[in-house]
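The values are calculated or read from the model by the stated rules, or taken from the named source; none is laboratory data. As the structure is a prediction and not an experimental result, all values here were calculated from the model. Heads up, the Cβs are rebuilt from the backbone with ideal geometry, glycines too, and the neighbour counts pull from every protein chain shown.
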Amino acid sequence: MSLVALGIGAIIGAGLFVRTAAAIAERSGPSVTLSFLLAGVGCAFAGLCYAEFASMIPIAGSAYTYSYTTMGELVAWIIGWDLVLEYAVGAATVAIAWSEYFNKVLEYFGLHVPYQWCHSPFESMAPGGVHGIVNIPAVGILLILSALLVRGTKESAFVNSLIVITKVTIVVMVIVIGWQFMNPANHTPYIPSPTTYTTAQGVVHPYGGIMGILGAAGVVFFAFIGFDAVSTAAQEAKNPKRDMPIGILGSLVICTVLYVAFSHVLSGIATVEDFRTA
């Protein structure tokens with residue numbers, strides 16, 4: 001059970017809160033639940049590979065160790081740095097989303113961060129409008145968390161435990177409480193007719209139909225990143241051949257069920273237009 005808990009804590013994160021609304025608004029509408037199922041199945045195939053390797057090579061090294069053992073040092077070096085890049089991009093994505101939410105909270109108190117100080121140099125308010133300089137809230141939260149990690153393992157582990165408890169509680173509360181406020185009309189049609197949606201930045205996405213569901217699956221896949229963290233505990237498991245598959249696949253199944261329920265409730269309490277204009 002401790003491995004399952006480790007996996008759930010690593011998987012459930014900002015990806016669920018950040019990307020679900022975007023998938024509903026820009027890609028699939030209420031059928032985002034099917035997108036989560038597809039993404040979960042895709043992760044399950046990767047999870048099976050991790051489970052097999054972790055039971056065969058019960059060493060705390062995850063993908064780097066498996067690649068080093070089977071394909072040599074060069075491939076392992078490439079995959080190791082790929083993992084670093086993956087988590088760096090993920091951290092940047094979450095930090096940017098946190099900046100947007102932080103600015104929304106400030107607006108409730110009549111405050112706001114000027115556009116140029118909460119957007120990157122690659123963004124502009126409108127053609128010929130104000131250009132971003134640096135996203136100070138995003139950089140700030142990254143510096144704070146980096147300082148926490150530098151402070152020590154004990155402190156960072158304690159804060160991480162609090163965050164895991166908080167985010168799992170939020171997901172369960174949204175499902176339980178939000179279920180009472182769902183409007184069945186928001187789920188009609190459940191799979192919108194195929195069309196396109198153009199974002200404020202002029203990016204055109206296929207919306208509705210099979211392509212919309214597949215596109216949303218690619219968007220919400222980000223919410224499943226982290227299940228590989230279970231394999232890093234292989235060396236500490238009493239019976240890796242039995243425990244690792246249960247830990248990896250068990251956490252994936254539980255998170256997929258929570259994600260499907262969460263997205264179903266979320267798409268039921270607000271219309272697609274609400275997500276687009278929020």
Cβ-Cβ under 6 Å pairs, at least 6 apart or on other chains, the stretch 214-234 side over 12 Å from PHE36 (Cβ atoms), far side aliphatic (A, V, I, L, M) and not in a helix (DSSP H, G or I): THR232/ALA60
Output for the stretch 56-81, where each listed residue is in a loop (DSSP other than H, G, I, E, B) and free of Cβ contacts under 8 Å to residues at least 40 places away in the same chain: GLY72
Residue satisfying all of: in the stretch 77-95; aromatic (Phe, Trp, Tyr) and modelled with pLDDT of 85 or more; surrounded by the fewest Cβ atoms within 10 Å (Cβ to Cβ) among these: TRP81
Among residues of the stretch 22-57, those that are crowded, with 20+ Cβ neighbours inside 10 Å and of a type outside the set (Lys, Arg), counted: 21
Yes/no for LYS104 being over 30 Å from SER62 (Cα atoms), surrounded by fewer than 14 Cβ atoms within 10 Å (Cβ to Cβ) and charged (D, E, K, R): yes
Selection count, the stretch 230-278, where residues are at pLDDT below 85, crowded, with 18+ Cβ neighbours inside 10 Å and among the small types (Gly, Ala, Ser): 4
Close pairs from the stretch 163-188: first farther than 12 Å from HIS264 by Cα, partner of a type in the set (S, T, N, Q) and loosely packed, with under 10 Cβ neighbours inside 10 Å, Cβ under 9 Å, at least 6 apart: none
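Sort out for me the helices (runs of 4 or more DSSP H) sitting completely within the stretch 172-278 that have 2 or more residues that are touching a Lys or Arg at 6+ places or on another chain (Cβ under 6 Å) and over 30 Å from MET56 (Cβ atoms).
Details: elements: 209-220, 240-269, 272-277.
Counting at least 2 such residues, we get 209-220.
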Residue match in the stretch 213-229 (condition: of a type in the set (Val, Ile, Thr), over 26 Å from GLY80 (Cα atoms) and modelled with pLDDT of 85 or more): yes
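Give the stretch 135-155 a look and list any residue that's in a loop (DSSP other than H, G, I, E, B) and either surrounded by 13 or more Cβ atoms within 10 Å (Cβ to Cβ) or polar (S, T, N, Q) (or both), or say none.
Within the stretch 135-155, the first condition is being in a loop (DSSP other than H, G, I, E, B), and the residues that meet it are 135, 152.
Within the stretch 135-155, ASN135 is the sole residue that qualifies.
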Whichever residue in the stretch 103-122 is of a type in the set (S, T, N, Q) and assigned to a helix (DSSP H, G or I) and, among such residues, is nearest to the chain's Cα centre (by Cα): ASN103
